[in-house]
């Protein structure tokens, strides 16, 4: 019987799902592997934009690490604009004072070094944010791949069940014409076939939506023929033997890019406080000039001048800048604690999820699914021989379908938890 062959196929899928080659939605479907997805996520515009921000931060270091530009000045003036001199005209070159000078700001208090240090910290911050963007992008893309993989496997399971239900309905219709079954029993098989077909249609929609959603994190556009997935489920469990206490005292928390970025924000904020305090140290302007002055008798005298300009400011002129920088430093410290707390809760949640789903999946694959397959096969045989009713056959099929979908959901949840560990927590080896 075709139904028995379908059950054998389901058993093979249950035990060899990692080696199963999926049928593509159409002959023109493009092959999609996890490696392709991760590389596409690495080339996503968000990751590229984060890399460009690192370049921009490096340019800011060049801007910060430079002294104020010198100012060159030149001036001319008359000796007596009202009466002029006994010789020449008032505006003749011989009657003009001419000067050439240079001025520069003398930065005190280590302002240049403080600016440069803060700019270098911002480079490290941009690098940490780029790493965080890459981690989030690849983690989400990998989870979307497993979601798409689950959706396609779910569609195949429901298509197989729908095909079996249609064959059962056709068989019941033939038996009805031969007088072997009642009209009510034949109608029930048709209803079950229609329900299985409707569920397969819902699974198809879920697959289509999942194939579109993966493009959000990868930029890949779904081809006209759909995707042909290379089934890849994670096998190892890196969290075996770990507990909540291990997470609390392990190196994972401080190595996370988002926590690193939060720490660097605190450092940059403290450097901004030091830079604001340095504003209280005044920066005088120093200058010198050479003047060429006529004496009114056709002779000129060269005069050299030195000058200094000191800003006249009161002691509390920059209190606002210091207060603002201090408040931002305190806020950055609070955000660091919040980031650590959120990261810790997130890690514990995924650790518990991974361990729970691993146990659940083991129970389903070793006990529940084999028993469901065995009972379904026995029920099919007994029904064909007239030993069981249609109701018992349909119940067995529904149970098998529910178990198969539960296995898929458990495997998907386990794969997502494993992805979190791989992308988020394996930055530092335990």
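Here are the criteria: (1) part of a helix (DSSP H, G or I); (2) surrounded by 13 or more Cβ atoms within 10 Å (Cβ to Cβ). Tell me which single one residue 289 does not satisfy.
(1)
What's the total number of residues in the stretch 369-394 that are surrounded by fewer than 17 Cβ atoms within 10 Å (Cβ to Cβ) and at pLDDT 85 or above?
Qualifying residue count, the stretch 369-394: 7.
Being under 22 Å from the mean Cα position of the chain (by Cα) and surrounded by 15 or more Cβ atoms within 10 Å (Cβ to Cβ) is the filter; apply it to the stretch 220-231 and report the residue that is modelled with the highest pLDDT.
In the first step, residues of the stretch 220-231 are kept if they are under 22 Å from the mean Cα position of the chain (by Cα); the result is 220-222.
Going one step further and asking which of them are surrounded by 15 or more Cβ atoms within 10 Å (Cβ to Cβ), we end up with 220, 222.
Values: 220: 88, 222: 84.
Checking each candidate, the answer is 220.
Going by the conditions given, is residue 260 at pLDDT 80 or above, closer than 27 Å to residue 330 by Cα and under 22 Å from the mean Cα position of the chain (by Cα)?
Yes.
Kindly indicate whether residue 95 is in contact with a helix residue (DSSP H, G or I) (Cβ under 6 Å, 6 or more places away or on another chain), surrounded by 15 or more Cβ atoms within 10 Å (Cβ to Cβ) and modelled with pLDDT under 75. So that I can check it myself, show each step before the final result.
Working: in contact with a helix residue (DSSP H, G or I) (Cβ under 6 Å, 6 or more places away or on another chain): no; surrounded by 15 or more Cβ atoms within 10 Å (Cβ to Cβ): yes; modelled with pLDDT under 75: yes.
No; evaluated as a whole, the condition is false for this residue.
Which residue is surrounded by the most Cβ atoms within 10 Å (Cβ to Cβ), if the candidates are limited to the stretch 37-46 and must be touching a residue at least 60 places away in the same chain (Cβ under 8 Å) and part of a helix (DSSP H, G or I)?
Start the filter on the stretch 37-46 by keeping residues that are touching a residue at least 60 places away in the same chain (Cβ under 8 Å), which leaves 37-38, 40-46.
From what's left, part of a helix (DSSP H, G or I): 37-38, 40-42, 45-46.
On the way: 37: 23, 38: 17, 40: 19, 41: 25, 42: 14, 45: 9, 46: 15.
Across the stretch 37-46, the extreme among qualifying residues is 41.
Residue check: is residue 168 at pLDDT 90 or above and part of a helix (DSSP H, G or I)?
Against the criterion (at pLDDT 90 or above and part of a helix (DSSP H, G or I)), residue 168 does not qualify.
Take the stretch 243-274 and flag every residue that is surrounded by fewer than 17 Cβ atoms within 10 Å (Cβ to Cβ), outside any helix (DSSP H, G or I) and in contact (Cβ under 8 Å) with a residue 12 or more places away in the chain.
Those that are surrounded by fewer than 17 Cβ atoms within 10 Å (Cβ to Cβ), outside any helix (DSSP H, G or I) and in contact (Cβ under 8 Å) with a residue 12 or more places away in the chain: 250, 251.
Which residues, counting only those in the stretch 306-337, are surrounded by 11 or more Cβ atoms within 10 Å (Cβ to Cβ), under 30 Å from residue 286 (Cα atoms) and either at pLDDT below 90 or in contact with a helix residue (DSSP H, G or I) (Cβ under 9 Å, 6 or more places away or on another chain) (or both)?
313, 317, 318, 321, 322, 325
Among the residues of the stretch 376-390, count how many are free of Cβ contacts under 8 Å to residues at least 60 places away in the same chain and part of a helix (DSSP H, G or I).
Going residue by residue through the stretch 376-390, those that are free of Cβ contacts under 8 Å to residues at least 60 places away in the same chain are 378-379, 382-383, 385-389.
If we keep only those that are part of a helix (DSSP H, G or I) too, we end up with 378-379, 382-383.
Total meeting the criteria: 4.
Just wondering, is there one or more residues in the stretch 47-66 that are at pLDDT below 95, over 30 Å from residue 210 (Cβ atoms) and not in a helix (DSSP H, G or I)?
yes
The values are calculated or read from the model by the stated rules, or taken from the named source; none is laboratory data. Source: prediction; values computed, not measured. In this analysis, Cβ positions are derived from the backbone assuming ideal geometry, glycine residues included, and neighbour counts consider all displayed protein chains.
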